């Protein structure tokens, strides 16, 4: 009888521990009781959304948007390589892995080869510091040298590095670390954008591209709320909310879209028009807050 | 005694399904999904989960005006054909893959920047069983820098 009960305990104990751990994992998943998780329907089903994801534009995408809007190159606004020496906690390494990723995307966009190599080097060190394994050859000098003059190839190298980091961290149940990288990258990209504006003669297109970040900030805040128990993430939420309050002053009016689908080419075009009411004072205010936030990230 | 061992074995097997599910997604996106995204550039964010029949997942993101996007919903075969829709924030339908033979990927472009929702549903199987099939589903988004 005693042996029978011992067998039961031995069998069931690991399952109990796993269930507890899995519940904790579930609590890290994007919440299902947020405002977005309404009861929705596919056909006749009333289904509750099991999982919600929030995506933010990558620094590469943001650099591309700004460059196409007419932004110039100004290396003085970027985070200094030497600053990496003081990033010795996981949170600081993660945040600045994002920051330097944004810097690299910016230097790459303007074909600044030596600066790009320098940023790749510090990104490698921070990745190693966070225990993120890299595919053999990712940071190989030979690979970088072969591709450094080719902007598109370098683009794929950068994408590969950050995608691998995000996948590895999330699959290793380190979603909060992945979120910090995203936070660092987005803040730095917005900081760069607000610093390249010519405040004497502002480009309407650059101002509008900055204004459109209000959507991404909403997504970023929702993403970070999943990890609101993380004390590091909690530190930055007030400034992010302050930034959000400033973005709320910017009005974006969207017309109803005409949808055209081409089944042969497998593409759908969404023809909508935005009217963006953004004043230079809004951009100045955003610049002040994001500068304060960025200062906290890189110190 | 033998009977007890059998019961415990079956219980452990059934209870381990979530464990197997948890590991189902590991490596799935990188191996099975990302190659299909080319020539679009991956946005670098993993959106994968183990979903069962009847489950719904959503991804909220921004499509920037002047960019092209590819949405790929990649899933394991055992959960069958997965449905996905692109919705605006008022939940108006922009695209539904069921109307295109359950295609797993589609391209989009927008004149102006807007917030959108990618909604994924794992349909109920044709044959109802006591144990719902579950498998890894990954929503992958790529973009192109230029839009002509």
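The values are calculated or read from the model by the stated rules, or taken from the named source; none is laboratory data. What you see is a predicted model; the values in this text were computed from it and never measured. No Cβ is skipped: glycine too gets one built from the backbone with ideal geometry, and neighbour counts run over all protein chains shown.
Exactly one residue out of A:275, A:256, A:266, A:214 is on the phi > 0 side of the Ramachandran plot and either touching a strand residue (DSSP E or B) at 6+ places or on another chain (Cβ under 9 Å) or facing chain B (nearest Cβ under 10 Å) (or both): that is A:266. Within region B:76-96, how many residues turn out to be modelled with pLDDT of 95 or more and under 15 Å from residue B:134 (Cβ atoms)? Of the residues in that region, 1 qualify.
Going by what's in this entry, would residue B:23 be described as surrounded by fewer than 20 Cβ atoms within 10 Å (Cβ to Cβ), more than 7 Å from chain A (Cβ to nearest Cβ) and either modelled with pLDDT under 60 or part of a loop (DSSP other than H, G, I, E, B) (or both)? For residue B:23, the condition - surrounded by fewer than 20 Cβ atoms within 10 Å (Cβ to Cβ), more than 7 Å from chain A (Cβ to nearest Cβ) and either modelled with pLDDT under 60 or part of a loop (DSSP other than H, G, I, E, B) (or both) - is not met. Within region B:63-75, can one find any residue that is within 7 Å of another protein chain (Cβ to nearest Cβ), modelled with pLDDT of 95 or more and closer than 29 Å to residue B:113 by Cβ? Checking region B:63-75: not a single residue is within 7 Å of another protein chain (Cβ to nearest Cβ), modelled with pLDDT of 95 or more and closer than 29 Å to residue B:113 by Cβ.
Is it the case that residue A:241 is surrounded by fewer than 16 Cβ atoms within 10 Å (Cβ to Cβ), touching a helix residue (DSSP H, G or I) at 6+ places or on another chain (Cβ under 9 Å) and either assigned to a loop (DSSP other than H, G, I, E, B) or within 11 Å of chain B (Cβ to nearest Cβ) (or both)? Judged against the criteria, residue A:241 is not a match.
A quick yes/no check of all residues on (1) surrounded by 19 or more Cβ atoms within 10 Å (Cβ to Cβ); (2) touching a helix residue (DSSP H, G or I) at 6+ places or on another chain (Cβ under 6 Å); (3) not in a loop (DSSP other than H, G, I, E, B):
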| site | (1), (2), (3) |
| --- | --- |
| B:54 | no, no, no |
| B:58 | yes, no, yes |
| B:62 | yes, yes, yes |
| B:74 | yes, yes, yes |
| B:78 | no, no, yes |
| B:84 | yes, yes, yes |
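Exactly one residue out of B:5, B:10 is modelled with pLDDT under 65 and either more than 11 Å from residue B:140 (Cα to Cα) or under 18 Å from the mean Cα position of the chain (by Cα) (or both): that is B:10.
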